[in-house]
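One structure below.
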Amino acid sequence: MRRRFSLKCCLFGIGIPLTVWLTFNLVSWDLKLSANWNQPSGLKLRARKSLLVRKDKTNYSIEYRGNSPQFGGQCETISEVFNKALVKRYNSTVLNSLGIVSSPEDQKARDEGYQKYAFNELISNRIGFHRAIPDTRDPKCRGVSFPTIDLDASVIICFFNELPSALLRLVHSVLDRSPKQLLKEIILVDDSSTHDDLSCQIETYVNQHLQNVKFVRTPERQGLIRARVFGSHHASGKVLVFLDSHCEVNTDWLEPLLIRISQDPKTVVVPVIDIINHDTMEYQSSPLVKGGFNWGLHFRWDHLPANERNDPKLGAKPIPSPTMAGGLFAMKKSYFHQLGEYDVGMEIWGGENLEISFRIWMCGGRLEILPCSRVGHIFRKRRPYGNPIGGDTLMKNSLRVANVWMDEYKKYFLKQRPQAENVDYGDISDRLSLRKRLSCKSFQWYLQNIYPEQVVPGEDVKNSPPLPHHLPNKKKKPVVIKHGRLKHVASSLCVQSEKEVYTKKALLTLAVCDEKTLAGQKSQMWFETVDNELILAQMLCLDVESGTTNKSYARLMKCHGIQGSQAWTWTNKNGVSVLYNPASGRCLTLTSARPGGYLTLNLCTGTKKQEFTLS
Ligand code: UD2
Ligand code: MN
């Protein structure tokens, strides 16, 4: 409401004189900047064009120059989350039972959080704005003294409808873990979030409590690509560091990035992207890999070639990478502008990471992953936001990439995505002239010199297959720490499978404990592992059907080794020892305390129906 009102006011009250003034300024500004910068960027060309040619796009041009629109006044209330988070510090790197769901209100908050953000809001809010995280760097990176660095960074964080606790934990992690002299500022770009109240609260919090953090807002939703360009135009540091809005930076994350850029201003650097588990918020180390892509123009991770894998300096040495994932990288501001910023004809999400990667390598730069810089990111299973312009923005953006950068190799993309033939990808002439102006090399050169591992359709397979996008941990052999019967305390009954121990999807039930026969030794014997799995008869894992449905049954599934639905921790709730599944926030519960009673997952209330032992 507030926002609509202020926009209206803006449009009718000062809109017309403002437009005239901005039109005038826009033209002289463009000329000024073209003179300052060696290469005028695609954005400026497009902005000028759109001003002259497409009236409906006038606002779009203006927003790169104007101040960000403000809400009319203060937010009515600062919510609980903010007040609590201000004073709290979560000092452990282990999350224990933070995700426990013990009331219908908890359950509601958790479910709504998944809906809105596609990760566990309950845990994120309970952690607050500060927490300790494990230092995931190779020991070779630690304890080194850094040289004097003659650069400073503007950290640009664009967000659309982000959960405040996730965003502000990132902001505080940057403030807490970056040397003051190297951090020029943090720029928060609100890409016209529609959660008005939260957006206003974030702005108020930032203005009241944080120095060196600028809050700017796009007047209308731009998508992450144009929002980043918008943010970069507000930056005054020598280096731009882009981060997704649900990250946390790790110890000494900034120094390696800046040092490398100061050695070579045309090197674009990427930290290792550690994994923040979307269900549990646990911070986990990622393996060292490179960025690649497939011919459908999806980003993927590739193994390191053997010579790099066996290099004794691995872990501390830069890893040249054919592409970047997109969300986290640093480059010199002057180089960002010189190289043509981003393709601002791209919409909302997707493809810009491959575009900038190709551009960097083909136009004389370099792209590296720096293993001594670590930043965690919440990898989600889905994008929780919509797209106001409709259509498949990844498809449109990828078509722009293929047509500008891929020369004759674009046919492989079109073959993979035949639907692309009929998609309008807009005008790419600015980007084609940029490519010419920068005298960029061919895509064939890029494939031969930068990405020789890539298999071109029709050519022989040369190298090992790619890794999947989300880097699941490798399946390890289970390490058993304890074994025995899983007993329900009050009834002294034992948990076993409803079917044979090797039957997948079988539900779990209670039975009279059989401690005498050989069959009982097997069918009621549970093995607890270091990874918090409970494996029946060393065969199948205790698993839950689904984390969010109201009543989910416990069942046996093949062990997948990535925790989640198969992780169980012993937790004390109201003096009762319960088996808590962090991924669902729920506890193992009986339907009834008699033989044949089933086991389900329920709110952790600490009742007798949830009290178990392994003995
Ligand atoms: C990955 C990248 C992401 C981007 C994307 C391809 C990582 C970790 N993330 O997807 O940065 O390169 O691939 O385009 O490599 N946002 C806006 N406005 C919008 C939509 C999104 O500001 O209209 C923000 C969003 O709040 C987030 C960032 O852009 O901070 C990236 O979006 P995402 O997290 O949904 O992308 P992700 O991680 O799936
Ligand atoms: Mn992201």
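A few points about this structure:
- For the residue pairs 140/558; 313/558; 396/505; 290/332; 477/522, alpha carbon separations beyond 31 Å are given by 140/558; 313/558; 396/505.
- Fully extended contour minus Cα-Cα distance, from residue 423 to residue 591, at 0.36 nm per residue: 55.1 nm
- Per-pair calculated FRET efficiency, R0 = 22 Å: residue 383 and residue 88 via Cβ, rounded to 0.05: 0.15
- Inter-label distance, nm, simple model (7 Å from Cα along the C-beta direction), residue 569/residue 176: 1.8
- Under 12 Å from the residue 366 label point (7 Å along Cα→beta-carbon), backbone N, the range 310-338: 318-321
- In order along the range 592-604, the phi-based Karplus estimate (6.51 cos²θ - 1.76 cosθ + 1.60, θ = phi - 60°) of 3J(HN,Hα) comes to 7, 8, 9, x, x, x, 8, 10, 10, 10, 9, 3, 7 Hz; Gly and Pro are listed as x.
- What the phi angles of the range 242-247 give under the Karplus curve with 6.51, -1.76 and 1.60, with θ = phi - 60°, is a coupling list of 9, 9, 4, 7, 10, 10 Hz, glycine and proline written as x.
- Sequence-ordered 3J(HN,Hα) estimates for the range 260-274 from the Karplus curve with 6.51, -1.76 and 1.60 and θ = phi - 60° stand at 5, 5, 6, 6, 8, x, 9, 9, 9, 10, 10, x, 5, 8, 6 Hz, glycine and proline given as x.
- Distance from the range 364-415 to the range 210-282 (C-alpha centre basis), Å: 17
- Heavy atoms of residue 527 accessible to a 1.4 Å probe, total area in Å² rounded to 10: 30
- Spin-label model, residue 436/residue 264: points 7 Å from Cα along the beta carbon direction are separated by 3.0 nm.
- Highest-first arrangement of 577-584, 230-237, where packing means the average Cβ count within 10 Å: 577-584, 230-237
The values are calculated or read from the model by the stated rules, or taken from the named source; none is laboratory data. Everything numeric in this text was worked out from a predicted model, so none of it was measured. Here Cβ is always computed from backbone atoms with ideal geometry, including for glycine, and neighbour counts include all displayed protein chains. Surface accessibility is based on the protein's heavy atoms, side chains included, excluding ligands, DNA and RNA. Shrake-Rupley method; radii C 1.70, N 1.55, O 1.52, S 1.80 Å.
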